[in-house]
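Student: One structure follows; several queries about it will come next.
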Amino acid sequence: MSDTLMSDAVGHAAQASQVADPFVMSFSVFILAIFIGYHVVWNVTPALHTPLMSVTNAISSIVIVGAIIAGGPLEMNLATVLGLIAVGLASVNIFGGFMVTQRMLAMFKKRS
Amino acid sequence: MLSANMVALAYLVASVLIILALKGLASPESSRRGNTFGMVGLFIAVVVTLQLSSVQNYAWIFAAIAVGGLIGAVTAKKVPMTHMPQTVAFMHALVGLAAVFIAVSAFANPVGYGIADATGSLHVASRIELFLGTFIGAITFTASLIAFGKLHGSLSGSPVTFAGQHLINLLLGIVMITAGVMFCIEPSWTPFLIMLAIAMLLGVLLIIPIGGADMPVIVSMLNSYSGWAAAGIGFTLGNNMLIIAGALVGSSGAILSYIMCKAMNRSLFNVLLGGFGGDAPAAAAGGAREDRPFKSGAAEDAAFLLQNARSVVIVPGYGLAVARAQHALKEVVDILLKQGVQVKFAIHPVAGRMPGHMNVLLAEADVPYDIVHEMDEINPEFADTDVVLVIGANDVTNPSAKTDPTSPIYGMPILEVSKAAHVLVIKRSLSVGYAGLDNDLFYMDKTMMIFDDAKKACESLIQVLD
């Protein structure tokens with residue numbers, strides 16, 4: 001579906017005041033994701049709880065998306081510089097988190 | 001440039017890959033593929049964000065990614081497995097700080113974030129989201145730094161308590177929330193910075209009263225906070241991928257905190273109140289134990305028992321890691337396996353300094369994961385076990401947790417080693433464990449104490465067994 005079609009559809013729905021606030025949509029996603037997290041994480045074997053913590057570190061560094069947007073403008077001001085620092089901090093975690101997780105997981109071997 | 005719908009769909013793919021990364025951790029076989037899914041997910045997220053029309057500052061962004069990535073990669077390659085708890089704590093601090101910087105940046109340039117109305121001032125919903133994101137990020141940042149210091153040993157692990165501590169925290173909390181409410185009514189820098197400063201101070205004050213050995217709970221809790229901080233940024237940006245990833249991490253950390261609390265038979269509230277694990281109870285328990293008889297033996301006696309056993313269960317504790325004895329212990333295990341003895345490991349959930357830490361330390365020493373068992377799996381087997389070898393563990397084997405209702409650890413789930421035919425305990429002295437309690441196990445008829453450093457004891461065992 002093209003963007004124009006989509007916004008047309010949204011426009012019509014809004015006229016009928018049937019569109020929920022974007023916050024409510026986000027909140028729905030948030031609650032559903034907590035349920036997914038609950039079920040997925042209880043299935044993680046206790047032996048892998050340390051890799052779970054290091055990989056979740058990498059995953060929460062998805063805030064790099066916000067950092068890139070913050071550091072995105074060419075004009076250098078407080079907002080851009082803070083964004084760029086945040087890009088660096090999140091990168092430490094993304095690379096560090098995934099690589100140390102991989103290093104740990106490679107150690108778990110079966111009896112030969 | 002991708003259309004807005006394409007961007008949203010690409011973010012959806014990334015979200016699914018992130019869920020699969022966690023799902024993979026259900027077993028060691030699927031975990032490595034899961035980790036790859038996670039990497040691809042984050043890669044898609046970053047690439048899609050980079051091609052947004054508002055993102056132009058490529059040189060600086062790539063420089064930041066390169067510098068950060070290099071630091072992360074080198075750390076990941078070099079960090080010793082015994083240092084994983086403080087490494088993870090430090091990474092939580094980075095997520096918290098990044099969240100704070102993004103929130104400050106968004107407040108400084110709300111138009112660039114698309115969170116301003118026509119007059120250039122912030123939407124009310126965005127004000128609330130910024131308030132929540134900033135203070136969760138700030139608390140995560142400083143609290144994780146203190147947790148890092150305690151775990152790394154650069155700060156004392158003993159709890160710091162003073163009169164009126166909880167009252168001060170409460171007052172600070174009220175001031176912080178008041179500043180936050182003022183910010184939501186009329187956004188300006190003064191209440192924002194007051195809120196930020198108090199949140200950072202609270203992060204420090206909330207963690208200093210908590211003892212070093214309670215850190216597994218705290219690290220898990222901060223893991224959870226870092227997720228909520230990410231979700232908070234997601235709400236500010238209206239980005240579902242960040243909300244999903246943040247919620248996954250948030251619930252993961254919460255579940256780990258719950259598991260750790262349950263394994264210590266304590267409530268999260270009790271841990272957070274702090275003050276547990278000081279020196280006072282250890283000194284108090286010192287008097288009574290002098291006159292109780294116990295048996296002690298040498299490496300030869302231990303080797304004799306082990307060699308003639310049909311089945312051996314090894315109970316490792318954090319003392320094993322402190323003595324760096326994992327590799328020597330693995331050699332002992334190899335010799336016993338070769339001699340036809342069935343050997344298993346029993347892991348208590350709080351055996352290390354973070355959830356699952358002992359499993360990683362054993363895996364690093366090449367102990368195959370299919371002979372390493374969790375508490376609930378192995379407890380029914382102790383009655384059929386000939387010899388249990390306890391090495392560097394104490395409170396988690398104390399039978400009074402089951403038998404003595406007056407014991408402070410009564411009700412805590414333990415490894416029921418006292419049900420085995422013989423128990424060997426390698427320990428430097430009869431000193432008390434973290435809970436400050438004497439361990440009845442040491443004085444049982446079936447127990448033989450081997451007073452030595454864990455590594456030296458394993459090395460002597462290797463010599464005698466070979």
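The numbers here are math on the coordinates, done by the rules we state, and not lab data. Not measured: the values here are computed from a predicted model. Heads up, the Cβs are rebuilt from the backbone with ideal geometry, glycines too, and the neighbour counts pull from every protein chain shown.
Student: What are the residues whose amide H is under 5 Å from the amide H of residue B:296, where those residues sit 5 or more places off or on another chain and H is modelled from the backbone?
Tutor: Long-range HN contacts for residue B:296: B:449.
Student: Another question about this same structure. Would you kindly work out the equivalent ellipsoid of chain B from its C-alpha gyration tensor and give its semi-axes, the square roots of five times the eigenvalues, largest first in whole Å?
Tutor: 48, 27, 17
Student: Less than 12 Å Cβ to Cβ from residue B:38, Lys/Arg counted +1 and Asp/Glu -1: what total charge do the surrounding residues give? Intermediate values should be presented prior to the final figure.
Tutor: On the way: positive: B:23, B:32, B:33; negative: none.
Here the charged neighbours net out to +3.
Student: So what is the calculated 222 nm ellipticity per residue for chain B, using -39500 (n - 2.57) for each DSSP H run with n of 4 or more, over all residues, to the nearest 500 deg cm²/dmol?
Tutor: Working: 19 runs with 275 residues, N = 466.
That comes out to -19000 deg cm²/dmol.
Student: Okay, moving on. Among the listed pairs A:109/B:344; A:110/B:262; A:109/B:338; B:262/B:427, which have their C-alpha atoms separated by more than 24 angstrom in this model?
Tutor: With Cα atoms farther than 24 Å apart: A:110/B:262; B:262/B:427.
Student: Can you pull out the chymotrypsin sites (Phe, Trp or Tyr not before Pro) in the range B:133-191 that DSSP calls coil and that have at most 16 other Cβ atoms within 10 Å?
Tutor: The qualifying sites are B:162.
Student: For the range B:258-265, just list the computed ³J(HN,Hα) in residue order, Karplus coefficients 6.51, -1.76 and 1.60, θ = phi - 60°, integers in Hz, with x standing in for Gly and Pro.
Tutor: Once rounded to whole Hz, the list reads 4, 4, 5, 4, 5, 5, 9, 6.
Student: Looking only at the protein assembly as shown, where both bridge partners belong to it, what percent of the DSSP beta bridges are antiparallel (to the nearest 5)?
Tutor: Among the beta bridges of the protein assembly as shown, antiparallel pairing accounts for roughly 5 percent.
Student: A further question on this structure: Rounded to the nearest 10 degrees, what's the angle between the helix B:454-465 long axis and the longest principal axis of chain B, both from Cα atoms, 0 to 90?
Tutor: Roughly 40 degrees, rounded to the nearest 10.
Student: If the convex hull of the alpha-carbon atoms of the protein assembly as shown is projected onto planes in all directions, what is the mean projected area in square nanometres?
Tutor: On the way: hull surface 112.7 nm².
Across all orientations, the protein assembly as shown yields a mean hull projection of 28.2 nm².
Student: In a shell of Cβ-Cβ distance under 12 Å around residue B:218, excluding residue B:218 itself, what net charge do Lys and Arg (+1) and Asp and Glu (-1) give?
Tutor: Neighbour charge sum, excluding residue B:218 itself: +1.
Student: Sticking with this structure for a sec: How big, in percent, is the set of alpha carbon pairs in the range A:46-112 lying more than 16 Å apart?
Tutor: 54
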